[in-house]
Structure formats: structure tokens, C-alpha cells
Amino acid sequence: MSSMDTDPRLESGSPATVGGGDADEVELARMGYKQELKRELGLLQNFGVSFSIISVITGIPSLFLFGLNTGGPAVMVWGWVVVAFFTMMVGLAMAEVCSAHPTSGGPYFWAAMLSKPQHAAFASWITGWFNLLGQVAVTTGISYACANFISTAATFQTDFVPSAKTTIGIYAAVLVAQGLINTFGVHLLKYLNTISVWWHAVGTTAVVIAILAAAPKHQSGEFVFRTLIDNTGLDGVGWGDRASHAYVVVIGILMAQYTLTGFDASAHMTEETRNAAMSGSIGIVMAIGVSAVLGWFLILGLLFSIQDLDATIGSATGQPVAQIFLDTVGEKGAIVLMTIVIGAMFFCGTFSITSNSRMMYAFARDGGIPGHKFFHKVDVKRKSPIRTVWLACTLSFILGLPSLGSSVAFSAATSIATIGLYISYAIPIALRVINRQNFVRGPFHLGSFSYPVALIAVLWIIFISIAFILPQENPVDSQTLNYAVVAVGIVIAYSLGF
């Protein structure tokens, strides 16, 4: 591990900058691994995987009700801007480390490389388990939201009434379909990726234009930019009254932070990407930047198109976004727009499982998970880690089960995803600062901005990790407990205890 310090090939720029598959394989061999996955993605496809997983048209609609109740329009609009800025700091700091170590393991491998040799295994182990927790919870949040939207769309022009059990059934079907695509359609993933990028970009734009153009009336700028709503109290007394409106603002940024998550996918796909040391890093930064702009556009479009705020929040569909569609473009138009959103959610979940399975494969290859000898096998014919594809689907399904009996389970799953992933991002970024004399930079680096950016990134992650385990509804009881703290606690206890 300490050979990094003196590797002369890296001093003059990584061999991966030469371009072409051989240079990438040399770089991978330098990190101690042989090329087992098919390396056929370019920069655009690498960006596409992260862009599809961030998927603003998945994250924003799935937590739109949470956003309206927890802070309302002002927190949704300005919270997005603040969160996008700090997320870009995290992304830039990660991109710099990714460029130096482009491997499927991503954050947990970086943690080992950036630690002192005697601490490397421990840092890597903790990072890996947080990353694994976050990845599984992200897939849960995405595919469960997809199931929710399918069951909502199924009520349009029918007499279907969704229940928790039918939603879990749809959720299982969604995960199985995504698993099958990742099993038998590996050769199609790069084409699906291109379709997904266009679907997200054109679909989001089409949704916003359609609802704004068709809306009978528009909300005022005062409503969109300055209205604070506190519906966090089940008994009418919200956290704003009981504690402070600042508390509501802090927990209300979950919608933005959960949406702008999962861009480590670009790192997990580097062993399948050409010129990985640059492509992975640019993929991370591009995905955050494009998503930040597109997401703000979507939030503004939805908020300006609300017709009746109380009817939207209390919609019979259970989804305020579906209600906005119904109120603006009517039932037939709403079916079209819901199809766009559900399609994006399905793509998003499919690529989330792709990223998730690559991380688990790499972690198993390094002996990080129980049954690692079984799980690190790559299917010879398809050159894909099929066993971890199904492990990802199974774990995500199990994490979705508490949603059967709890009103806040879905937002807790999104909290878990956000905390798990961001802690796994923070550890290597922090180690990069602490052990900076050992860091040998890759072709993508920030120069003199490196330390300030890394410091801002780590402080922000500490802040959100505390914010998102706080209770989200008042009063706190067994139904409203934010069980993110339980899941994070279990991972800490397991990973430290092991």
C-alpha cells in the first residue's frame, strides 16, 4: 500500500491518461486487480449512470409531499440551491480522489489507499459498510417510489384502490424486472444508458413545460420563493412551534440532499470505462452540475403549477405531484406525464442496481462481506457480477418491508440512503486531507483549491448526518420514529463489532 508514495508512473500523470483499454488495465493492475469486467463505456455513458441515479425526476416527486409539509416552497427552492452548492464541493473532492484511484470499489478502496498502512483495513471496512448500506437504501427509495407511482397511476380512470400489500407486490415485481435487465441485458446497458439520459433530460423538460403551459392559474412568486409551511405536527403542533423554524428548515432539506445522491456510481463503473482516471471524475462533476440545474427547473415548475395547496397536500392519490398533473393537464394528460416519471424511476432503479452490484462485487473481491467467496464470482459469459445483482435486489426488498406498517418509513429509508452514502464519501475525503503528504494525485485535480473544498465537503457531511437522524414528525412515537438512526446504529455496531 505504501508503494503509492513512490510510484514514479503517477508522478508524471497516470498511465490511464494515455487513453485506450491497455493503459486502463495497467492502472488497474497497479492497484492490485486484474481486468474482469467488460470495459466499453465512454465518458458520456459514465456520466449517464450517475445522472440516471441522481435522477431529479425520481427524487423530487417521491419526496415532494415531505418537502411541502417540512418547510414548504421556500425551503424546497432555496434549500435546493444551498444543497446543490455543497454537493458540488463533495463531488469535486471525490472526483480528485477518484482520478487517483479509478476502481469499482470506489470510496472504500480510496479509504484504504489514503490511510496509513496500519489503519487501511479498518478505514476501508467502515467506509465499505456505510457505502453498502447507502447503496441498498438508495435502491429501496428509488424502486419503492416507482412502485408507489405505478399504483397511483393505476387509479386513473379505473376503480383500483392501492393498499400497502399491493404496493409491496408491485415493488417486488419492479426489483425483479430491474434484476433481470442487469442479468441478461448487460450488453444492452450502454444503449439503455443513452436512452435514460435523453429520457431524463427531455422528459423532465417536457413535464415542466406541459404543466406550466396548461395550468389554469399560476402561484405567485411570493408563494414559491417566500412561503414557509410547517405541517410536521400530527396533532397540529409542528416542530416550528415546539422547537424552532430553523429545525424545520434543517430537516426539510432532505428532499434536495436525497435527490443529489448516488454520484459515486461514476466511480463504481470505472473498471468498465475507458480512460477511467479522467472519465470517472468528470462523470461525477457533470452529473451533479446538470442535475442541479434541471432539478431547480423542475421544483419551480411544480410549485408554480399548484392549483390548490391544501388539495395538493391532502390529495386522494397520496402523491402531490400526481395531483398537480391532474389539476393542470387532466386525467389523460396526467397518465402521459406519470408514464414519463415512472419510466425515469425505472431507469434510475435499474442503474442503481448496476452500481450497487459493482460495489458489492468489489467489496466481496476484497473479502468485505459474508459469503465473499460466493459473491465475488463474475459470470464468464456475460462478464457481469450476477450474484451481487440479486444480492442487491434482495437486500433492497427487505429494507422496503417496514413501509408496510409505518407512515414515515419511506422518508426514513431516504435518510438512511443519504447518511450511509455521504459518510462513505466523507471518510476518504477526510483522509485525503489528514494524510495529504501520501496523496499522489491523478490527472484530475483541484490544485490550491483542494484542501478548502475537501474541508467544506467534510463539514457539510457531518452536518447532514446529524440532521437526517433527527425526528421528522411531532410527537415522536413508534409510528413516527425516524428509524434511520436504528439502521445506521446497526451498521456501526456490526462493522465495529466484527
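Here are a few things to note about the model shown:
- Kirkwood-type radius of segment 170-256, with distances r between different C-alpha atoms, in Å: 17.7
- Residue-normalised accessible area of segment 439-498, expressed per residue, 1.4 Å probe, Å²: 51
- Gyration tensor over the Cα atoms of segment 329-426: the corresponding equivalent ellipsoid has semi-axes (square roots of 5 times the eigenvalues, largest first) of 31, 19, 12 Å.
- Computed from the alpha carbon atoms alone, the convex hull of segment 432-490 holds 127 Å³ per residue.
- Electrostatic dipole magnitude of segment 371-498 [Cβ: Lys, Arg +1; Asp, Glu -1; Cα centre; debye, to 20]: 900
- Protection proxy ranking of 437-443, 488-494, 360-366 - average other beta-carbon atoms within 10 Å, highest first: 360-366, 437-443, 488-494
- Charge tally around PHE156: other residues with Cβ under 15 Å, Lys/Arg +1 each, Asp/Glu -1 each, net -2.
- Each semi-axis of the equivalent ellipsoid for segment 257-387 is √(5λ) with λ an eigenvalue of the Cα gyration tensor; in descending order they amount to 39, 18, 13 Å.
- In the chain, taking the dipole from charged Cβ atoms about the Cα centre, the farthest positive-side position among ALA123, ILE57, ILE299 is held by ALA123.
- Ratio of Rg to Rh over segment 317-373 (Cα coordinates, Kirkwood Rh, two decimals): 1.36
- A viscosity of 0.692 mPa s and a temperature of 37 °C, combined with the Kirkwood radius over Cα pairs in Stokes-Einstein, give a translational diffusion coefficient for segment 73-221 of 166 µm²/s.
- The Rg/Rh ratio for segment 112-159, using Cα coordinates for both the radius of gyration and the Kirkwood hydrodynamic radius, is 1.46.
- Rounded to the nearest 20, the Cβ-based charge dipole of segment 21-144 about its Cα centre (Lys and Arg +1, Asp and Glu -1) stands at 260 debye.
- Scanning the chain for long hydrophobic helices, with DSSP H runs required to stretch 27 angstrom or more by C-alpha along their axis and to average at least 0.0 on the Kyte-Doolittle scale, returns 72-100, 120-153, 164-184, 189-214, 276-304, 320-365, 409-434.
- Close amide-amide hydrogen proximity is noted between LEU41 and THR273, ARG274, each under 5 Å apart and 5 or more residues distant or on a separate chain (H modeled in the peptide plane; Pro and chain starts excluded).
- Furthest towards positive pole of dipole, VAL321, GLY489, TRP460, structure part the chain, Cβ charges: GLY489
- Distances between placed amide hydrogens fall under 5 Å for SER384 paired with ASP379, all partners being 5 or more residues away or on another chain.
- Scoring 293-305, 222-234, 130-142 by mean Cβ neighbours within 10 Å over their residues and listing the highest first yields 130-142, 293-305, 222-234.
- Between segment 41-97 and segment 142-173, the alpha-carbon center distance in angstrom: 25
- Accessible area ranking (1.4 Å probe, heavy atoms, ligands and nucleic acids excluded), largest first, for TYR191, TYR247: TYR191, TYR247.
- Rh by Kirkwood over Cα pairs, then Stokes-Einstein D for segment 351-498 at 0.890 mPa s and 25 °C, µm²/s: 137
- Note: the chain, Cα convex hull, 134 Å³ per residue.
- Shape index of segment 184-331: Rg/Rh, with Rg the Cα radius of gyration and Rh the Kirkwood radius from the inverse mean 1/r over Cα pairs, equals 1.06.
- In a fully extended conformation the segment linking THR158 and LEU459 would gain 103.4 nm over its present Cα-Cα distance, using 0.36 nm per residue.
- Centre separation in Å (Cα based) which lies between segment 373-438 and segment 191-222: 30
- Surrounding net charge for THR183, when Lys and Arg each add one and Asp and Glu each subtract one, Cβ distance under 12 Å: +2
- Here is how the number arises for the chain: DSSP H runs of 4 or more residues each give -39500 (n - 2.57), the sum is divided by the residue count, and the result at 222 nm is -22500 deg cm²/dmol.
- The alpha carbon convex hull volume per residue for segment 239-308 rounds to 119 Å³.
- Considering only ALA287, TRP390, CYS146, the residue lying farthest towards the positive end of the dipole of the chain is TRP390, judged by Cα position with unit charges set on Cβ.
The values are calculated or read from the model by the stated rules, or taken from the named source; none is laboratory data. This structure is a prediction, so every number in the text was calculated from the model and none was measured. As a convention, Cβ positions derive from the backbone with ideal geometry for all residues, glycine included, and neighbour counts pool all protein chains shown. Just the protein is used for accessible areas: all its heavy atoms, side chains included, with ligands, DNA and RNA removed. Shrake-Rupley method; radii C 1.70, N 1.55, O 1.52, S 1.80 Å.
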